[in-house]
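Take a look at the structure set out below.
The values are calculated or read from the model by the stated rules, or taken from the named source; none is laboratory data. Just so it is clear, the model here is predicted, and its values are computed rather than measured. Cβ placement follows ideal geometry from the backbone for every residue including glycine, while neighbour counts extend to all protein chains displayed.
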Amino acid sequence: MNMHLDRKLKKWIELGIIDNCAKDKILALENDTKTSYILNAIMALGGVSIIVGIISLIAANWYKIPGYIKLTCNYLWLLALAVSILYAHTKRLNLIRELLIFLFWGSILGSIALIGQVYHLQSHIFNATFFWLATTTPIILLSKERILPHLWTIALIVLFALFLSYLYDEKIFNDPYLFINLLPLLLFYLSEAFAFYRYNLHFKPVIKNIAWVVLCVTVAIWGATRWVYVNHPDHLWIPICIIAFSIPALVLYYKQNNPLTGSLIVLGVMYSEIPTFIANKSYVLLPQHELKILGGILYIALAAFVAFIGIKVKYKRIFDGACLIIALRIIIIYFEVFGTLLKTGAGLILSGIIVLGLAFVWHKKRNLIWKLSGDQQ
């Protein structure tokens, strides 16, 4: 069951917008029209198997095949896929069309590699990947299911990583890692752009969910690491631009009556960029060991804000996950401060006591917090 939809329907019933009969009909329609993730995953697996099989058959005698035969067979294969997609779309064979679109999408990338191999073209992999996504995105937009938006978004993230590699290899910019915080912001804004695309309503939630995953990974790993291994840049205009680029997210979510979510995005970006300001070459505000402690405290504060959002939206999983992160981060701070005690039994005993104490307090206060917030579940 879609838990988010279920919570919305319960709220609408409380407000008198719908009744229980209408709720049951909406849930029944949702269950009848949605496509299983398992089915989509199996289809994707079958498509990958076909592509790999074709590649394997060709690779067995690859160097014996003349270039013009390779290209001719490649174009005939693409033509056959294009005609099949059109036929499946006309006959409304949705699942078959999705599989064919996936095959066509992957075959275009193979075609680019084939042309480069036949004509011995030399180029950075970013150029080929960019050309592939630019030319195949229109066909992806014909998708009606969830799986292709997921794969397309992942490919977009790979393209961004290759772009950073391209900047570094071409010596256009020596510190491309500073763009990492831009990725979740770009995905958030892209998901909002897909709000106007009505042909496939899966694009917006899929891209937004992946944006949240990327933001969490960026803050939890990249952001926390920068407080421990902070760099010393000569300039501050890049982190300033990144923070400024996050402000529209706050405005956007504020207009959607969800300012806490926008604030979380901005705070997450700021958390990852603050070490750059503190450890600029022109000045050092804090020594390295104090910087680690400050980073841990701010990390806990950010996780506490996430827990608060979980309470406000009445989503217990967010609250529980944030509490778990807080407990883990407190333990990590202890390790950072008293790392030498880890070699003794006393240190291990103290670590266990802290973990058990935090678990006990969390268990006792968790239900009280939810009761005070008005959730009786």
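To keep it simple, each residue is scored yes or no on (1) closer than 30 Å to Pro248 by Cβ; (2) buried (at least 17 other Cβ atoms within 10 Å of the Cβ); (3) of a type in the set (Gly, Ala, Ser); (4) touching a residue at least 24 places away in the same chain (Cβ under 8 Å).
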residue	(1), (2), (3), (4)
Leu93	no, no, no, no
Leu99	no, yes, no, yes
Ser107	no, yes, yes, yes
Leu121	no, no, no, no
Ile180	yes, yes, no, yes
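With crowded, with 16+ Cβ neighbours inside 10 Å and farther than 30 Å from Arg198 by Cα as the only criterion, which of Leu114, Leu151, Leu103 stands out?
Leu114
Does region 182-213 hold any residues that are loosely packed, with under 14 Cβ neighbours inside 10 Å and of a type in the set (Lys, Arg), and which are they?
Arg198
Under 7 Å between Cβ atoms, at least 6 apart or on separate chains: pull out the pairs that start in region 308-333 with a residue that is over 21 Å from Gly262 (Cα atoms) and end on any residue that is of a type outside the set (A, V, I, L, M, F, W, C) and surrounded by fewer than 17 Cβ atoms within 10 Å (Cβ to Cβ).
Hits for this filter: Ile331/Ser351.
Checking Leu162 against (1) in a loop (DSSP other than H, G, I, E, B); (2) out of contact with any Leu (no Cβ under 7 Å at 6 or more places or on another chain), which single condition isn't satisfied?
(1)
Does any residue of region 230-250 turn out to be under 18 Å from Phe305 (Cα atoms), of a type outside the set (Phe, Trp, Tyr), modelled with pLDDT under 90 and out of contact with any strand residue (DSSP E or B) (no Cβ under 8 Å at 6 or more places or on another chain)?
No, every residue in region 230-250 fails to be under 18 Å from Phe305 (Cα atoms), of a type outside the set (Phe, Trp, Tyr), modelled with pLDDT under 90 and out of contact with any strand residue (DSSP E or B) (no Cβ under 8 Å at 6 or more places or on another chain).
Can you name the residue in region 116-146 that is part of a helix (DSSP H, G or I) and at pLDDT below 85 and is also nearest to the chain's Cα centre (by Cα) among such residues? Walk me through it before giving the result.
Quick first cut of region 116-146, residues part of a helix (DSSP H, G or I) only: 116-118, 125-140.
Of the ones still in play, those that are also at pLDDT below 85 are 116-118.
Numbers: Gly116: 31, Gln117: 33, Val118: 36 Å.
Here the answer is Gly116.
From the list Ile17, Ile13, Ile69, pick out the single residue that is modelled with pLDDT of 70 or more, of a type outside the set (Gly, Ala, Ser), farther than 20 Å from Glu145 by Cβ and outside any helix (DSSP H, G or I). Even if it seems obvious, please write down each step before you answer.
Numbers: Ile13 fails: outside any helix (DSSP H, G or I); Ile69 fails: outside any helix (DSSP H, G or I).
Just one listed residue meets the conditions, Ile17.
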